[in-house]
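The values are calculated or read from the model by the stated rules, or taken from the named source; none is laboratory data. Computed from a predicted model, the values in this text were never measured in an experiment. Positions of Cβ are backbone-derived with ideal geometry, glycine not excepted, and every protein chain shown enters the neighbour counts. These accessible areas exclude ligands, DNA and RNA; they are computed on the full protein's heavy atoms, side chains included. Shrake-Rupley method; radii C 1.70, N 1.55, O 1.52, S 1.80 Å.
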Amino acid sequence: MAVEELQSIIKRCQILEEHDFKEEDFGLFQLAGQRCIEEGHTDQLIAIIQNEKNKVIIKTMGWNLVGPVVRCLLWNDKDDKRKDYFLMLDLLVKLCNPKELLLGLLELIEEPSGKQISQIILLLLQPLQTVIQKLRNNKAYSVGLALSTLWSQLSLLPVPYSKEQIQTDDYGLCQCCKALIEFTKPFVEEVINDKENKENEKLKDELLKFCFKSLKCPLLTAQFLEQSEEAGSDPFRCFASEIIGFLSAIGHPFPKIIFNHGRKKRTWDYLEVEEEEDKQLADSMASLAYLVFVQGISIDQLPMVLSPSYLLQFNMGHIEVFLQRTEESVFSKGLELLENGLLRIEDNSILYQYLEIKSFLTVPQGLVKVMTLCPIETLRKKSLAMLQLYINKLDSQGKYTLFRIMASLNLLRYLVIKDNENNSQTGLWTELGKIENNFLKPLHTGLNMSKAHYEAEIKNSQENSQAVQKSKDLCSVTVGGEEIPNMPPEMQLKVLHSALFTFDLIESVLARVEELIEIKTKSTSEENVGIK
């Protein structure tokens, strides 16, 4: 019955021109075709699709059958007609309007959830690639739309953590990563082979956006097998290598890509990539730094003359990004990247001036946060070891600046959180009065005086900046009775602002310590009142 109904609709449409097809015809064709599939009349339907007389009808209306065919392939994995379903899908991809097919395929990819996400992506990637290759106009837009849709769906899948989870690949993420590389390669090669084509500039931008998104998800959270094991067996390492290879092939030279993030004027101009939320790009660049410096992927493309101190300074911003995250799989990479940088540097060789850089103060704070809040003992110990290693690398003045103030406050914060105020095993609560009078209150006073001094210096520098610029004289700054070497006015202001930032950082930790003390002492007082 369904076959006869479909043939009747086709017979009526055969005598019409394409522009005379009505919306009603599309609906009737889809319903009759779907019933043919559901009732198992695949041979007849294949014959109708292959009939040359039906070429225009199939081109215009056939894409409506893709959904029912795909659903049969997903739901009936043991059906003896699967071979027919695959043949129908191939025929429809070959004969139907590619523009309508593209939208239809992407809608199908967006439909499922859970484990079916990877199943439908693996099923439709090849047809999707074929359809895009057939589109003559707006290929860049079509590739961008497809990659964005695929990435959005893949980002919903859990990233396997352990070696066993990676090998089992329950949600199919590892398989999808491999298939996605094969899907993307022809478009990358198209850009490489015809760099003068202006249309390919747009295609390049879409591919670069996809690469940066992939660095964030899944590669920011992905775990990698030990490098001593067979490299080819690690799907995420293979995926990362290919993504970085794409960046190198179609972007600017690799050193420019990796070393220019964070500069006011970047030498790589990835159009819309630059306009994306800075947080996402920061995550992507941190992930890239980890892959290159810790995992060693494409590290041979970097110049060998870079000093260890320069590399540490460059990576501290990325380490800060990692340590700000709460996922164990992410902040553990920050510890690895920090260790990688510190082990290249001799003890006592990091000059105290480096502490004027924001990340050189926030990273040790992040380490203390991991030490105190992380539930995993191995990571707490690793964080403590990294803090000790970091302090060892500072010169004597750097150790003093960091250890006597920040480390003391953070240690105090740790003790306030961990030590029971009723037992006072560390003696903290019995000596609290002395700590407040001899450390916390004087620190408050010193901070207020220092901030006032530096704010006045900044105001004075700004007022005199015009005169200084005219005379082009160098300025000097005196701190603690010692004169810092002469520096340009802009550098002077930068140092002063860095100092203010340091004071604000110390003040925020101090405020948190006092807040914790107040909460615990108030709680103890209320308990004592209740007992009485």
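So here's what we get for this one:
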item: Filtered residue count, region 50-98, keeping only those that are hydroxyl-bearing (Ser, Thr, Tyr) and closer than 26 Å to Gly114 by Cα; result: 1
item: Every residue from region 192-201 that is under 17 Å from Phe212 (Cα atoms) and in contact with a helix residue (DSSP H, G or I) (Cβ under 6 Å, 6 or more places away or on another chain); result: none
item: Single unsatisfied condition, Phe183 versus (1) in a helix (DSSP H, G or I); (2) at pLDDT below 95; (3) in contact with a helix residue (DSSP H, G or I) (Cβ under 9 Å, 6 or more places away or on another chain); result: (2)
item: All helices (runs of 4 or more DSSP H) inside region 191-281 with 1 or more residues being crowded, with 17+ Cβ neighbours inside 10 Å and modelled with pLDDT of 70 or more; result: 198-216, 235-250, 254-259
item: Filtered residues of region 141-161 (kept if surrounded by fewer than 17 Cβ atoms within 10 Å (Cβ to Cβ), among the hydrophobic types (A, V, I, L, M, F, W, C) and under 15 Å from the mean Cα position of the chain (by Cα)); result: Leu156
item: Set Glu320, Glu336: member being in contact with a Ser or Thr (Cβ under 6 Å, 6 or more places away or on another chain) and either open to solvent by 20 Å² or more (accessible area, probe 1.4 Å) or over 18 Å from Lys382 (Cβ atoms) (or both); result: Glu320
item: Candidates Asn315, Asn348, filtered to the one that is touching a strand residue (DSSP E or B) at 6+ places or on another chain (Cβ under 8 Å) and either open to solvent by 50 Å² or more (accessible area, probe 1.4 Å) or at pLDDT 95 or above (or both); result: Asn348
item: Selection within region 427-439 - open to solvent by less than 40 Å² (accessible area, probe 1.4 Å) and of a type in the set (Phe, Trp, Tyr); result: Trp429
item: For Asp169: the one exception among (1) open to solvent by less than 50 Å² (accessible area, probe 1.4 Å); (2) touching a Leu at 6+ places or on another chain (Cβ under 9 Å); (3) in contact (Cβ under 8 Å) with a residue 40 or more places away in the chain; result: (2)
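Each row is one residue, and each column tells you yes or no for (1) open to solvent by 60 Å² or more (accessible area, probe 1.4 Å); (2) modelled with pLDDT under 85.
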{"residue": "Gln353", "(1), (2)": "yes, no"}
{"residue": "Val363", "(1), (2)": "no, no"}
{"residue": "Tyr390", "(1), (2)": "no, no"}
{"residue": "Lys399", "(1), (2)": "no, yes"}
{"residue": "Tyr414", "(1), (2)": "yes, yes"}
{"residue": "Lys418", "(1), (2)": "yes, yes"}
{"residue": "Gln425", "(1), (2)": "yes, yes"}
{"residue": "Lys441", "(1), (2)": "yes, no"}
{"residue": "Lys459", "(1), (2)": "yes, yes"}
